[in-house]
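Since every read-out is calculated from the coordinates, none of them should be taken as a lab result. Because the structure is a prediction, the values reported are computed rather than measured. Backbone-built Cβ (ideal geometry, glycine too); neighbour counts: all protein chains shown.
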Amino acid sequence: MIAHLLAPHVPRAARTLGIERTVPSAGVALTFDDGPHPEGTPAVLAVLEEAGIQATFFLVGEQVERRPALAAEIAERGHLVALHGYRHRPQPVLSRRAVQDDLARGAHAIESATGR
C-alpha cells in the first residue's frame with residue numbers, strides 16, 4: 001500500500017537526491033540489503049558471477065566495519081555499492097540529526113572499506 005502511494009514521487013525524490021541511474025524499461029534491478037553477511041554474501045556473489053549478472057548491494061555500515069574485506073570484494077567484482085545506513089534502525093522515528101549522523105557514519109564505513 002505505501003509503495004503504491006509513494007511510486008509517483010520516487011523519480012522526483014531521486015533527482016532531488018542526485019540519483020540519476022535508471023534501468024531500461026525491459027530491465028530488472030537486483031538489489032541485496034543489510035549486508036555484507038559472512039555466509040550469504042559470498043554465496044550470492046558466486047551465483048551472480050556464474051550468471052554474469054551485476055547487482056546493487058545496500059550495505060549497513062556496522063556490518064561493513066565487521067567485514068571490510070567482504071565489502072571491498074563486492075565493489076571489486078563490479079557491483080554497485082550503496083548505503084543502507086550505519087545501523088538498521090527505523091529512520092522515521094529518529095530525529096533529522098540522528099538520521100544525518102547515521103547516514104554519514106555509514107557512508108564513511110563504506111568508503112573506508114571500498115574506496116567508493
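If you add up the charges near G61, with Lys and Arg at +1 and Asp and Glu at -1, over every other residue whose beta carbon is less than 15 angstrom from its beta carbon, what do you get?
-1
Could you list which residues have their amide H under 5 Å from that of D34, counting only those 5 or more apart in sequence or on another chain, with H placed in the peptide plane?
When sequence neighbours closer than 5 places are left aside, the close amide H contacts are F58, V60.
Which order results if E65, E50 are arranged by neighbouring Cβ count within 10 Å, fewest first? Present the calculation step by step, with values, prior to reporting the outcome.
Values: E65 17, E50 8.
In order of increasing Cβ crowding within 10 Å: E50, E65.
When S95, S112 are ordered from fewest to most other Cβ atoms inside 10 Å of their Cβ, what list results? If you can, show how the numbers build up before the last one.
Working: S95 8, S112 14.
Ordered from fewest to most neighbouring Cβ atoms within 10 Å, S95, S112 come out as S95, S112.
By the scheme Lys and Arg +1, Asp and Glu -1, what is the net charge of all other residues having a beta-carbon under 11 Å from that of I74? Display every interim value, and only then the final one.
On the way: positive: R67, R77, R116; negative: E73, E76.
Neighbour charge sum, excluding I74 itself: +1.
Around A104, under 12 Å between beta carbons, what's the net of Lys plus Arg minus Asp minus Glu among the other residues?
Working: positive: R97, R105; negative: D101, D102, E111.
Combined, the nearby Lys, Arg, Asp and Glu give -1.
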